[in-house]
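Here's the structure, in structure tokens; my notes come after.
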Amino acid sequence: MNIACLGWGSLIWKPGPVPIAGEWYADGPDVPIEFSRVGDGGELATAVCFNAPPVPVFWALLTTHSLQEACEALREREQIPRERHDGIGLMFTAGDPEGMLPAWAAARNIDAVIWTALPPRVENSEGRIPSQQEALAYLQSLTGDTRDHAMDYIEQVPAQIDTPYRRAIRRQLGWGG
């Protein structure tokens with residue numbers, strides 16, 4: 001079974017236990033991504049955000065022998081508790097031949113696709129999408145190591161993840177330029 005993992009943030013440069021088979025490819029499907037999740041380290045991380053314009057994401061094949069093993073590796077990497085049933089996105093090409101993602105995967109002979117599906121989060125409120133002004137104010141409020149970490153995160157996200165919030169962060173804070 002050919003299993004691919006989609007990526008748009010730190011998973012690309014820090015896959016941890018996710019068994020990537022080689023390199024990340026830049027010709028992934030278009031996914032609505034935005035800098036909309038305050039991460040555990042204080043960074044404003046990228047997340048699937050359904051009101052965001054889609055951007056082309058990255059993808060990599062995995063060396064796992066089963067879909068369960070692939071999902072478990074991603075769950076471990078993202079530190080998602082087992083009892084939490086959201087957090088990992090999953091799509092089988094055979095299950096739904098319609099739509100952009102199945103067509104994208106089928107064209108690459110991929111049987112299943114997984115991705116991190118943690119929702120936006122701000123002020124410890126899961127699922128809450130920060131406005132662009134809230135995102136900027138949050139980043140401007142950071143100091144010290146947390147500020148450095150947040151800036152480093154934004155600067156390491158590949159340039160093709162070019163979102164409206166990222167452009168505003170670049171304009172107002174000079175990060176990620």
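The values are calculated or read from the model by the stated rules, or taken from the named source; none is laboratory data. Remember, predicted model here, so these are calculated numbers, not experimental data. Glycine also receives a Cβ, built like all others from the backbone with ideal geometry; neighbour counts cover every protein chain displayed. SASA here: full protein model, heavy atoms, side chains in, ligands and nucleic acids out. Shrake-Rupley method; radii C 1.70, N 1.55, O 1.52, S 1.80 Å.
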Quiz item: Is it fair to say Met1 is open to solvent by less than 30 Å² (accessible area, probe 1.4 Å) and either among the hydroxyl-bearing types (Ser, Thr, Tyr) or more than 30 Å from Asp145 (Cα to Cα) (or both)?
Solution: no
Exercise. Would you be able to say whether some residue in the stretch 105-113 is outside any helix (DSSP H, G or I), open to solvent by 50 Å² or more (accessible area, probe 1.4 Å) and in contact with a strand residue (DSSP E or B) (Cβ under 8 Å, 6 or more places away or on another chain)?
Key: yes
Quiz item: When residues of the stretch 114-126 are filtered for being on the phi > 0 side of the Ramachandran plot and either open to solvent by less than 40 Å² (accessible area, probe 1.4 Å) or outside any loop (DSSP other than H, G, I, E, B) (or both), how many remain?
Solution: 0
Practice problem: Could you tell me whether Ile129 is touching a Cys at 6+ places or on another chain (Cβ under 7 Å) and open to solvent by 20 Å² or more (accessible area, probe 1.4 Å)? | Solution: yes
Self-check item: Filtered residues of the stretch 1-40 (kept if of a type in the set (Ser, Thr, Tyr) and either farther than 27 Å from Ser66 by Cβ or in contact with a Pro (Cβ under 8 Å, 6 or more places away or on another chain) (or both))
Solution: Ser36
Quiz item: Looking only at the stretch 143-177, which residues are open to solvent by 50 Å² or more (accessible area, probe 1.4 Å), part of a loop (DSSP other than H, G, I, E, B) and under 18 Å from Val48 (Cα atoms)?
Solution: Ala159, Gln160, Asp162
Quiz item: Could you list, in sequence order, the residues of the stretch 27-69 that are within 13 Å of Ala4 (Cα to Cα), in a loop (DSSP other than H, G, I, E, B) and either among the aliphatic types (A, V, I, L, M) or open to solvent by less than 30 Å² (accessible area, probe 1.4 Å) (or both)?
Solution: Gly28, Pro29, Val57, Thr64
Practice problem: Starting from residues that are surrounded by 12 or more Cβ atoms within 10 Å (Cβ to Cβ) and under 15 Å from Thr116 (Cα atoms), keep the ones in the stretch 85-99 and report whichever is modelled with the lowest pLDDT. | Solution: Met91
